[in-house]
1. Scan region 165-216 residue by residue and report those that are of a type in the set (Val, Ile, Thr) and away from the ligand (no atom under 16 Å from the Cβ).
2. Spot the failing condition for Arg235; the list is (1) surrounded by 18 or more Cβ atoms within 10 Å (Cβ to Cβ); (2) among the basic types (Lys, Arg); (3) within 11 Å of the ligand (Cβ to nearest atom), and only one is missed.
3. Out of Glu359, Glu432, I need the residue that is in contact with a Leu (Cβ under 8 Å, 6 or more places away or on another chain) and among the charged types (D, E, K, R). Which one?
4. Are there any helices (runs of 4 or more DSSP H) wholly within region 276-361 with 3 or more residues that are out of contact with any helix residue (DSSP H, G or I) (no Cβ under 6 Å at 6 or more places or on another chain), and if so which?
5. Applying the selection to region 24-66, what residues are within 30 Å of Gly437 (Cβ to Cβ), among the hydrophobic types (A, V, I, L, M, F, W, C) and over 20 Å from the mean Cα position of the chain (by Cα)?
6. Against the conditions (1) assigned to a loop (DSSP other than H, G, I, E, B); (2) surrounded by fewer than 21 Cβ atoms within 10 Å (Cβ to Cβ); (3) of a type outside the set (Val, Ile, Thr); (4) more than 16 Å from the ligand (Cβ to nearest atom), where does Glu134 fall short? Just the number, please.
7. With (1) touching a residue at least 24 places away in the same chain (Cβ under 8 Å); (2) acidic (Asp, Glu); (3) open to solvent by 30 Å² or more (accessible area, probe 1.4 Å) as the list, and Glu143 as the residue in question, which single condition is left unmet?
8. Among the hydroxyl-bearing types (Ser, Thr, Tyr) and either open to solvent by 10 Å² or more (accessible area, probe 1.4 Å) or farther than 29 Å from Gly45 by Cα (or both), is that true of Ser271?
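The values are calculated or read from the model by the stated rules, or taken from the named source; none is laboratory data. Owing to the predicted nature of the structure, the values given are computational and were not obtained by experimental measurement. Neighbour counts are summed over all protein chains in view; Cβ atoms, including those assigned to glycine, are modelled from backbone coordinates with ideal geometry. With ligands, DNA and RNA removed, areas are computed over all heavy atoms of the protein, side chains included. Shrake-Rupley method; radii C 1.70, N 1.55, O 1.52, S 1.80 Å.
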Amino acid sequence: MPQNNAPTVGIDDLAVYVPGLYLPLEGEFARSRGIDRGKLIKGIGIERMAVPDAHEDAATMAAMSLLLLMKRSRLQPEQIGKIYVGTESSLDEAKAMGTYVIGMLEQVYGRGSFRECGTVEMKAACIATTLALESQSYWLAGEDEDKVGVVIASDVAKYPLASPGEYTQGAGSVSLLLKKNPRLVSLEQVYGHFTRDENDFFRPAGCTTAVVNGKHSNQCYLDAVTGAFDSFAARAARKGIIVPAAGQCVTDFLDHLLFHIPYPRMVEYASAAVFRHDWKSCQRSRKVEEEIGPEPGEGGGKDAAALPAAEAYYARRFARSPQFLEAFSAKVKDTATLSRQIGNIYTGSIYLGLASLLELDRLQGGQRLGFGAYGSGSSALFFSGRVEPQAEDLPGLGLMERLVERRAITLAEYEMLHEGRKEKSVVEPRREFVLAGIDSQGYRHYEFVE
Ligand code: COA
């Protein structure tokens, strides 16, 4: 809890929008790309990827998740002081996506209804939404007019056809309602950062798909998240929030660990790296070493050239150790449930993890959550929050039903949508925002379709 009588701020509620189309990764897709089904379902962990229809983009999805949030939280436009949008699917080099989103919402709530609301678009690859949340939490703590804040994540994760990134795509939006005295998660206001210039993933201006150095991006993610975890642990100790006694580890104080989920398997790699690192500092690793042998370089192999291979081998053995499997199953595994059916939604995927826990009824009042966000380029932010008792009474998000109602698309339909060659929607839009057209100046026109 925040010290020195500062008001508690945090996530009061959230809403998730997922497009109504999906591509099954088994069958036609796996066959056409010559990839074994086991690799996609087990090795990567994705079964279905959400695909935006021809009338959708990152702004319509953002507007949809905000509309869902406002309806479910009975929120009126004049209550919202700020809307920050985290995205790496920017539609304009200058105009903030939030202004398009406000334009759409005003078609429902009335023209001018959001005029006193501030909005900014934040870009930092997949970590932008978390940096927006951190920033808004400080604004909210000092806000004296009873306003609330909204942080929206909205992205279309897109890689070239037939590339190794292709099966880690997806699309969707999450809107978070930030408030004083929140009902869902109160933030402990301890943020541990890690930043390092990297070329793991980037999208030069004008390109519609990212340049990705896949294996390198996995390693950058692991380095950054463990670095941010260390920074968090030191700050949490200094603030007296997590002070482990002898024999205790920092992760003992975390009931769930939520990570950025570019693909579900990555949360296994990330949590293995964090648990291994944490257990080393509190001597618990000795028990693991009794099972799988010493860490490389500590009697395992002294040859520097052989170290990377020895390290990869040890990381695999650690990930199969009973100690890790038990911690993973208790504290991490369930966070990836929705991502298996949706795929990567870039900057919102860590909050899809929160939605998974909510939908699975895994949140209990008093639990502490540890969030490990990552953005390529690269930076990570680790922070914590406490589940509020009222979280248990929040209505479900209806996501499991939404996922079942979606329509499967063929490989040909997917490829046309991916390449922007499908002009007519696969499913006729109903009660949703649509991109109606882009005019000769490049301004985008959106409509709400009844
Ligand atoms: N059955 C089960 N598992 C299988 C398999 C099969 N038939 N074939 C392969 N696998 C496993 C591999 O052993 C590996 O698991 P392991 O790490 O436990 O060994 C896993 O599937 C992934 O396979 P791999 O060949 O290592 O991956 P890839 O070359 O397909 O690349 C990414 C994976 C993520 C690097 C690639 O999809 C990518 O570049 N994605 C975009 C960038 C990204 O998401 N980066 C993440 C950090 S932000």
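1. Matches in region 165-216: Val174, Val185, Val190.
2. Of (1) surrounded by 18 or more Cβ atoms within 10 Å (Cβ to Cβ); (2) among the basic types (Lys, Arg); (3) within 11 Å of the ligand (Cβ to nearest atom), only one is false for Arg235: (3).
3. That would be Glu359, the only listed residue that is in contact with a Leu (Cβ under 8 Å, 6 or more places away or on another chain) and among the charged types (D, E, K, R).
4. Passing ranges, in order: 285-292, 307-319, 322-331, 349-359.
5. Answer for region 24-66, where residues must be within 30 Å of Gly437 (Cβ to Cβ), among the hydrophobic types (A, V, I, L, M, F, W, C) and over 20 Å from the mean Cα position of the chain (by Cα): just Ala54.
6. Of the numbered conditions (1) assigned to a loop (DSSP other than H, G, I, E, B); (2) surrounded by fewer than 21 Cβ atoms within 10 Å (Cβ to Cβ); (3) of a type outside the set (Val, Ile, Thr); (4) more than 16 Å from the ligand (Cβ to nearest atom), the odd one out for Glu134 is (1).
7. Going through the list (1) touching a residue at least 24 places away in the same chain (Cβ under 8 Å); (2) acidic (Asp, Glu); (3) open to solvent by 30 Å² or more (accessible area, probe 1.4 Å), Glu143 breaks only (3).
8. no
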